[in-house]
Amino acid sequence: MTHIETNDIPSSTFAILHRQGDQWACLQAALGKHEGIRIVSSRMFEVSDERALQSWLRDEGIDMVRVVVPGSSIICRTCSLPESTPEQLDEALQLQAETKLLGTAPFHRTASALLPASVHSTMRTGLILAWPESSDFTGPELETTSLYVPDVVAMASLMGPLHPKAPALWIDREDGTITMVLAQQERVHVRATKEHLPDAESTASSVERLLMESALNSGSTPESSRALASESATMLRTATDPRTLQLPPEVVESMQERIENCQSDPQWLNTWGIAAGAALAMSDELIPLTMFQDSLPEENPDLKEFAIQRLSLVDVAAALVLVAVLLIAIGPMAFHGTRVAMLSVLHPGLSEQVDAFESNKDQEVIYSALMSEAWPMSKLLADIASNTPMGIEVDSIRLGYGEPVRIQGMAMPSNSEESAALATRMKAMLETSGVFSDVTLRWEDSETFGNRSFDISADVQRPQYRPSYALDQDFATWTLSERKSGQDADGNWSDGTTAVAASTSSPDRPTVTPSTASTPPVDTTATRTTTAREPARGATSSTRGSSPSRSPRTTSGGLSSRGDADDRAGDLSSVPTGDEPEPLTEEQIKAFTLDEAKIKLQEVAQARKRSRNDEAKARMKIEFNQLLEHMRNLQRNGGS
């Protein structure tokens, strides 16, 4: 390694890498203060040791690298241009370059420049170079992006404006490179070629032939051309180094003046001469020929920069505007159409569900309007029935929209409870139900003992309110006939006998247990259905001798209410009202079916409660037990 001590090294230096066999000759140089260059250091690296080369560049702070391309990989053309203005010369040179290098190399591998003008010359020589992509030469892989400079540019820069008689030659037998610069008369001939150079003799012969051709083409006489070629070839026959730089003496002197720290001995020139010439070209008018690129630089903009670049194009912006308009116009329809299609696949009955939803919405609107103009009469009648204790017979109910309800009936002693207490309890139950308010009880023909007629009036406070009644008030779940016949809410007898299956005893009657029974939602339909003919704005129900007819209900399982079972098993209104029914024989009792026995059992039980004849009550007790036993036998035998 050669290092030149200096106290004035510029802050920014560059490196020239020249491949010589299996090594890289690395020359560190800097631009001079006024003109020319200054050599800072030089070093050799193995081609395979790129890591050491990169480390040296990093340590020296070099961020600009030029790699010398051998002349064997370069296409070289020259052209003569008359003296003119710089602008006209540049235009003429560009036309010549397009003509001579058409299609030989891509744009980043071509360059052209005017050679330095001679003092006495009236012509300018243009140098046109191309580095084809088919070339097998490659530079080192470095962190710093390297540019390339052909060795013929280094030769032309060393020659400068001088026109010596002898040519400048660079020969590298290992890669077959022969590069020459020959100045004849007013023209400068630059030539780079690739030859097979196995030894010194073949090298001398090839150089002699090339010099003869160039000299003759420049207008020299055959004798002078032969003499020039023979002299140069003779010097090469004695050369032993595979790389030789042969320069005229005046060119070597010019190097000493323009390159600081330059040496003139042949060995130094053979090793560092081309690298020094390439560094010198970076300081003169041949600098455009020092910027060849191996490949075009690839820009990798981030997403934001890429978007800005694309959107800055008129075509892209117009297309985006068109797409935005289409999305605004068609997007919502396409989106909702896709949703409908997906819903249709997932829910085949979607149209029916939509129709049902719309129908329910319409019904809600109608019901909301009706709730402000009418009452659910059936529901109010059911509330009155649920708040009527056993032992009270309702004769009439007068119910009209916006008017107080009036109930007329008779209270009869029941289960050791006096009639007055029953009527008073009914009044209290109506008040606590939450449906009625301002309940008033009036007596008619009051007696100390026995039945008492009464009249109850009340205001309808919350007609849509649905109270949660206890089981003993829920006559839909536990009917009056079941209570009087000794059955519980499940239809089981008090002695433990289970109810007959619905398929044998009553095909239309479902079995509902208290655990599954539920209170249906309030029917918001403002229906004015009553139990009797309807006056203009009211309803009157008369059920003399029986409890009010109860509205059918539906359990949570979708079954018919037990109120319907009352109608099928025998309505209490059909029970004879005589004090003492006809006596029954044992044969008559055994001939009854299950339904007939139930009806007769209710008749006997009702007569026992009303009768004040002890003998008749004793007889009816026997008949009651016989009917009850007969019904149990029928249940055990499947109802037959």
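Coordinate-derived values only; no laboratory data. This structure is a prediction, so every number in the text was calculated from the model and none was measured. Here the Cβ is made from the backbone with ideal geometry for all residues, glycine too, and neighbour counts use every protein chain on show.
Let me know the Kirkwood hydrodynamic radius for the range 119-159, please, with Cα pairs as the basis and the value in Å to one decimal.
Details: mean 1/r = 0.0741 Å⁻¹.
For the range 119-159, inverting the mean 1/r across all distinct Cα pairs yields 13.5 Å.
Please compute the length gained on full extension between residue 265 and residue 336, using 0.36 nm multiplied by the number of residues separating them and subtracting their Cα-Cα distance.
This chain segment gains 16.7 nm when fully extended.
Would the range 233-340 count as rounded, prolate or oblate if I go by the C-alpha gyration tensor, calling it rounded below 1.5 in a/c and otherwise prolate when a/b exceeds b/c, oblate otherwise? Don't jump to the answer; show the numbers that get you there.
Values: a/c = 6.29, a/b = 4.37, b/c = 1.44.
Taking the square roots of the gyration eigenvalues as a ≥ b ≥ c, the range 233-340 is prolate.
Find how much the distance from residue 629 to residue 90 grows on full extension, using 0.36 nm per residue of separation minus their present alpha carbon separation; answer in nm with one decimal. All intermediate terms of the calculation are to be shown ahead of the outcome.
Working: separation 539, 0.36 × 539 = 194.04 nm, distance 13.36 nm.
That works out to 180.7 nm of additional length.
If I model a spin label at residue 186 and residue 52 as a point 7 Å from the Cα along the Cα→Cβ vector, what separation in nanometres do I get?
Between residue 186 and residue 52, the label points sit 5.3 nm apart.
Rank-order 180-186, 214-220 by packing density, defined as the average count of other C-beta atoms within 10 Å over each peptide's residues, highest first. Could the numbers behind the result be given before it?
Values: 180-186: 21.3, 214-220: 16.9.
Ranking, from highest mean packing down: 180-186, 214-220.
Apply the Kirkwood formula to the range 303-342: the hydrodynamic radius equals the inverse of the mean of 1/r over all pairs of different alpha-carbon atoms; give it in Å with one decimal. Don't jump to the answer; show the numbers that get you there.
On the way: mean 1/r = 0.0846 Å⁻¹.
About 11.8 Å for the range 303-342.
Let me know the charge dipole size of the range 1-153 about its Cα centre in debye, to the nearest 20, where only the beta-carbon of Lys, Arg (+1) and Asp, Glu (-1) is charged.
Details: 11 positive and 20 negative charges, 66 e Å.
Using Cβ point charges on Lys, Arg, Asp and Glu, the range 1-153 gives about 320 debye.
Counting alpha carbon pairs within less than 8 Å and at least 6 residues apart, what relative contact order, in whole percent, applies to the range 22-118?
Values: 53 pairs, mean separation 14.8, N = 97.
Relative contact order comes out at 15 percent.
Among 26-35, 267-276, 362-371, 296-305, what's the highest-first ranking by average C-beta atoms within 10 angstrom per residue?
So the peptides 26-35, 267-276, 362-371, 296-305, ranked by packing, come out 267-276, 26-35, 362-371, 296-305.
Enumerate the calculated ³J(HN,Hα) couplings along the range 210-218 in order (Karplus 6.51 cos²θ - 1.76 cosθ + 1.60, θ = phi - 60°), each rounded to whole Hz, writing x wherever the residue is Gly or Pro.
5, 5, 4, 4, 5, 5, 5, 5, 7
Tell me the label-point distance for the pair residue 240, residue 221, using the 7 Å Cα-to-Cβ offset, in nm and rounded to one decimal.
The modelled label-to-label distance comes out at 4.0 nm.
Between residue 472 and residue 365, what's the calculated FRET efficiency when r is the beta-carbon distance and R0 is 41 Å? Round to 0.05. Display every interim value, and only then the final one.
Working: r = 39 Å, r/R0 = 0.95.
It comes to 0.60.
So if we plug the beta-carbon distance of residue 102 and residue 347 into 1/(1 + (r/R0)^6) with R0 = 45 Å, what FRET efficiency do we get, rounded to 0.05?
Calculated transfer efficiency: 0.05.
Give, in nm to one decimal, the length gained when the segment between residue 455 and residue 372 is fully stretched (0.36 nm per residue of separation minus the Cα-Cα distance). Kindly include the intermediate steps, with their values, before the conclusion.
Numbers: separation 83, 0.36 × 83 = 29.88 nm, distance 2.86 nm.
Taking 0.36 nm per residue and subtracting the Cα distance, the gain is 27.0 nm.
What is the packing order of peptides 412-421, 67-76, taking the mean over residues of other C-beta atoms within 10 Å and listing the highest first? Provide the component values of the computation, followed by the final result.
Details: 412-421: 15.2, 67-76: 23.0.
Descending packing order for the listed peptides: 67-76, 412-421.
What FRET efficiency comes out for residue 616 versus residue 432 if R0 is 30 angstrom and r is the Cβ-Cβ distance? Round to the nearest 0.05.
Working: r = 39 Å, r/R0 = 1.31.
Between residue 616 and residue 432 the formula returns 0.15.
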